[in-house]
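Notes for the one structure printed next.
Read-outs throughout are calculated quantities, based only on the coordinates presented, and are distinct from any laboratory measurement. Being a predicted model, the structure only gives us computed values, none of them experimental. Counting neighbours? That spans all protein chains shown, and the Cβs are built from the backbone with ideal geometry, glycine included.
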Amino acid sequence: MKIISVASLKGGCGKTSTALFLAEALAYMGKHVVLVDADPNNNATDYLARNETAETIEARSLYSFLTGRRELTDCLIPSSFGLDLIPGTPNLAKASLELSSDPGIVLRFPMELKSLDADYVILDTPPALTLELTLALYASDLVIVPVGLSRWTAQGYEIIASRVQAANKTTGRDASLLALPAIVTEREAAALRAVPDWTATRTAILRAAAVRNAANAGKALKGNSAAWTWYHDLAEEVAE
């Protein structure tokens, strides 16, 4: 199993669409994929579980697992995209307060993820330094940080990098960190790959209405050949 977190402290950088369509591409390659929506904004859940009732989503949410209401394996919701979802809801924002007296959750969470029957677990994380992000980073084998050409990109990446380094030191693991040029032009992607302080992916996610439209409509992306190719290429890259 490989656990991959998609993390950024900046909204609108393509974080959730990267998590969604990377998961979709890996599933298309025949891999068993579980996407964990660890963001209280729950946009990934809205995409993958659009036909599920709010009651079902809440009962099977990551929050329900973290607070001891349900086993993690009982939170899985099959989707029509060939992958399973552990949904997020706005209640997840309360987890930090409710689990403040249980620091061991940071070390138990990776073991729980490892118990899932999956080739890949993809975690979509919130754009803030929260418990949900910490749990994801402590569990990850790979952290992908979508980056664009904005004045705060490098600082945001450095903060995530420092958190990954701290998690590696605590756990003795060696999670990798990749910068993914996302929602950029070809020229911007080339500039981002040249930044000396990070390792960038070979793949770039260019600006395309198809990505935004598929995410908004809850539709599969693979019918849109150009955009689909980028995520398929990214899936092959992380599968190496």
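Things worth noting here:
Residue-wise test of (1) buried (at least 24 other Cβ atoms within 10 Å of the Cβ); (2) closer than 26 Å to Tyr157 by Cα; (3) in contact with a strand residue (DSSP E or B) (Cβ under 7 Å, 6 or more places away or on another chain).
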{"residue": "Ser80", "(1), (2), (3)": "no, no, no"}
{"residue": "Ala95", "(1), (2), (3)": "no, yes, no"}
{"residue": "Gly104", "(1), (2), (3)": "no, no, no"}
{"residue": "Leu107", "(1), (2), (3)": "no, yes, no"}
{"residue": "Val121", "(1), (2), (3)": "yes, yes, yes"}
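- Residue within region 25-43 that is within 12 Å of the chain's Cα centre (by Cα), crowded, with 24+ Cβ neighbours inside 10 Å and within 26 Å of Ala189 (Cα to Cα) present: no
- Region 192-209, subset assigned to a helix (DSSP H, G or I) and without any contact (Cβ under 8 Å) to a residue 24 or more places away in the chain, residue farthest from Leu142 (Cα to Cα): Ala209
- Within region 6-37, tally of residues that are under 18 Å from Leu76 (Cα atoms), in a helix (DSSP H, G or I) and not hydrophobic (A, V, I, L, M, F, W, C): 1
- Listed by first and then second residue, the pairs linking a residue in region 166-179 that is closer than 12 Å to Val143 by Cβ to a residue that is in a helix (DSSP H, G or I) and aromatic (Phe, Trp, Tyr), with Cβ atoms under 8 Å apart and 6 or more places separating them unless they lie on different chains, are Ala167/Tyr138; Ala179/Tyr157.
Residues are listed down the side, and each one gets a yes or a no for (1) closer than 30 Å to Met111 by Cα; (2) assigned to a helix (DSSP H, G or I); (3) within 18 Å of the chain's Cα centre (by Cα); (4) of a type in the set (Asp, Glu):
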residue: Leu178; (1), (2), (3), (4): yes, no, yes, no
residue: Ala190; (1), (2), (3), (4): no, yes, no, no
residue: Asn216; (1), (2), (3), (4): no, yes, yes, no
residue: Asp233; (1), (2), (3), (4): yes, yes, yes, yes
